[in-house]
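Visitor: The structure's right below; bear with me while I get my questions together.
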Amino acid sequence: MMPPPLGLYLHIPFCRQRCDFCAFYLEIHREGRAQAFVQSLIQEIELSAQQHVAVGRPIQSVYIGGGTPTVLATTQLIAILSGIRTHLALASDCEITVEAHPSMASEQDLVQLLQAGITRMSFGAESMEDGDLARIGRPGAVCETVTAVTQARAAGFTNISLETLAYCLTLEPTHLSCYALTVEEDTRLASNIQRRLSPAPDESLQIEMDEAAQRMLGDAGYERYEVSNYAKPGYACRHNLLYWTNGEYLGLGPSAQSYLDGTRFGNVADLATYDTSLAENRLPIADRIRLSKEEQLRDAVIFGLRLIQGIPTHRLHQHAANYGHAAITARLLAQQLIEEDGERSRLSARGRLQADRSHPQRTPEGTPRPFTRCGLAGRSF
Ligand code: SF4
């Protein structure tokens with residue numbers, strides 16, 4: 001029997017500065033720290049290859065996220081990729097994504113990344129309005145996104161992901177992530193809202209925008225395959241889908257989370273401790289939780305509800321009956337957080353917003369990072 005697909009997530013914990021809305025674990029980029037981190041990460045790849053059940057299983061998707069992976073030199077990114085190829089087995093058609101800030105990848109870098117085997121570039125545009133970028137404390141300018149996409153195409157990339165709308169469509173990306181802004185605790189944005197310096201997100205407006213996005217992107221030939229993600233046919237992000245189908249993945253780098261063999265485990269969210277642990281030849285795992293059969297099934301149901309195809313309605317009710325969740329499921333239906341169309345069940349627009357808000361971390365592609373607990377599950381099941 002073919003082993004189930006396995007994904008690999010690498011967390012590059014550096015940015016040039018912190019955006020106002022960002023609560024991810026990261027450090028401000030310094031050359032010396034970055035070089036030490038690259039050595040540690042390659043060491044972690046090697047140790048993981050020796051110690052995890054991942055050994056020998058072909059990896060179907062690699063996602064290099066952060067932080068901003070492209071603050072590293074292209075030679076450092078290529079060294080990491082070479083470490084992966086040396087110690088782990090990549091499937092021949094492996095999807096390999098690198099997240100990039102639009103201002104931090106020249107045409108020459110992009111050509112080198114393509115030649116090194118990167119198959120997909122994901123540019124964090126955040127907005128196609130310079131005024132919005134300033135309001136959310138995001139460095140960069142819209143023209144840089146336009147240049148980055150043009151250069152990536154010229155370099156030979158055919159799979160390009162972006163994160164904002166109307167103007168983005170003119171750049172014809174193959175993948176778009178559209179998600180509501182989540183105000184994370186302890187961010188500058190949260191403090192600005194508290195001090196009434198910035199307006200709080202408006203829930204009904206977010207639902208209207210979500211519906212408008214679905215209409216606009218549907219008309220432009222994009223399929224919504226997950227609550228926050230749209231793609232041209234054949235361009236759904238395989239790595240995203242792995243999370244939503246409750247697949248297994250190995251996460252490396254500080255604060256990265258993994259799910260293997262019914263166990264969720266996470267790395268220490270501190271670069272110095274991470275480096276020390278690897279210098280001593282120890283994996284930097286900080287917490288580990290073995291999920292019961294019930295919890296594994298619950299996660300499969302909750303993740304499946306986020307997919308636009310949803311899950312079979314009978315499976316939702318069977319799960320609810322088997323594990324004593326019937327009353328809660330009925331309440332979610334009554335509150336219209338879950339919708340049923342007879343054969344399939346999925347989150348409603350309001351349910352999606354609630355689920356997004358309760359996720360602790362999300363990648364710039366709008367996908368929650370691999371996490372130890374499903375947010376909606378934590379609230380409702
Ligand atoms: S939102 Fe992205 S670019 Fe901004 S600080 Fe967070 S990880 Fe870095």
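Visitor: With a 10 Å cut-off between alpha carbons and a GNM built on the chain, which of 223, 144, 211 moves the most?
Guide: With Cα springs under 10 Å in the chain, the top fluctuation among 223, 144, 211 is at 211.
Visitor: If I model the range 6-77 as equal point scatterers sitting on the Cα atoms and use the Debye formula, what is log10 I(q)/I(0) at q = 0.12, 0.17, 0.27 Å⁻¹?
Guide: -0.38, -0.71, -1.25
Visitor: With a 10 Å cut-off between alpha carbons and a GNM built on the chain, which of 130, 275, 219 moves the most?
Guide: Its mean-square fluctuation being the largest, the pick is 219.
Visitor: If packing is taken as the average count of other Cβ atoms within 10 Å, what order do 37-45, 252-260, 21-29 fall into, highest mean first?
Guide: Peptide ranking by packing, descending: 252-260, 37-45, 21-29.
Visitor: Also, I was wondering about something else. What number comes out for the charge environment of residue 338, summing +1 per Lys or Arg and -1 per Asp or Glu over other residues with Cβ under 12 Å away?
Guide: +3
Visitor: Something else: How much length, in nm to one decimal, is gained on full extension between residue 263 and residue 166, taken as 0.36 nm per residue of separation minus their Cα-Cα distance?
Guide: Computed gain between residue 263 and residue 166 is 30.8 nm.
Visitor: Binned at 10 Å from 0, what are the whole-percent values of the Cα-Cα distance distribution for the chain, short to long?
Guide: Spelled out bin by bin, the chain gives 5, 23, 34, 27, 10, 1 percent.
Visitor: Now, a different point. Choose one answer from 87, 175, 314: the residue with the largest mean-square fluctuation in a GNM of the chain with alpha-carbon springs under 10 Å.
Guide: 314
Visitor: So how much slack lies between residue 18 and residue 207, counting 0.36 nm per residue of separation and subtracting their Cα-Cα distance, in nm?
Guide: Contour length minus Cα-Cα distance gives 65.3 nm.
Visitor: Mean residue ellipticity at 222 nm from the helices of the chain, using -39,500 (n - 2.57) per DSSP H segment of n ≥ 4 over the full residue count, to the nearest 500 deg cm²/dmol?
Guide: Rounded to the nearest 500, it is -12500 deg cm²/dmol.
Visitor: A further question follows. Which of the GluC sites (Glu not before Pro) across the range 254-354 are loop residues per DSSP, with 16 or fewer other Cβ within 10 Å?
Guide: Passing sites in the range 254-354 are 280, 343.
Visitor: Restricting the count to DSSP beta bridges whose residues both fall in the chain, what percent are antiparallel, rounded to a multiple of 5?
Guide: DSSP beta bridges in the chain are roughly 45 percent antiparallel.
Visitor: Determine the relative contact order of the chain: mean sequence separation of Cα pairs under 8 Å and six or more apart, normalised by residue count, in whole percent.
Guide: Computed over the chain, the figure is 17 percent.
Visitor: What order, most packed first, do the peptides 60-71, 95-106 have when packing is the mean number of other Cβ atoms within 10 Å of each residue? Intermediate values should be presented prior to the final figure.
Guide: Working: 60-71: 25.3, 95-106: 22.5.
Going by the mean number of other Cβ atoms within 10 Å, highest first, we get 60-71, 95-106.
Visitor: Here's something else I'd like to know. How much length is gained on full extension from residue 330 to residue 292, taking 0.36 nm per residue of separation minus their Cα-Cα distance?
Guide: 11.3 nm
Visitor: Whole number please: convex hull volume per residue of the Cα set in the range 198-320, in Å³?
Guide: Dividing the Cα hull volume of the range 198-320 by its residues yields 181 Å³.
Visitor: Within 10 Å, at most 13 other Cβ atoms, and a DSSP state outside H, G, I, E, B define an exposed site. Report the longest part of the chain free of exposed trypsin sites (Lys or Arg not before Pro). Don't skip to the answer; put the middle values down first.
Guide: Details: sites that count: 16, 30, 195, 196, 282.
Looking at the chain, 31-194 is the longest stretch - no exposed trypsin sites (Lys or Arg not before Pro) with at most 13 other Cβ atoms within 10 Å.
Visitor: With a length cut of 15 Å (Cα positions projected on each helix's long axis) and a Kyte-Doolittle mean of at least -1.0, go through the chain and give me the DSSP H helices that pass.
Guide: In the chain, the long hydrophobic H runs are 31-51, 74-87, 142-155, 203-219, 293-306.
Each reported figure results from applying straightforward, stated rules to the coordinates on display, with no laboratory input. These numbers come from a predicted model, not from an experiment. Cβ sites come from the backbone with ideal geometry, for glycine too, and all protein chains shown count toward neighbours.
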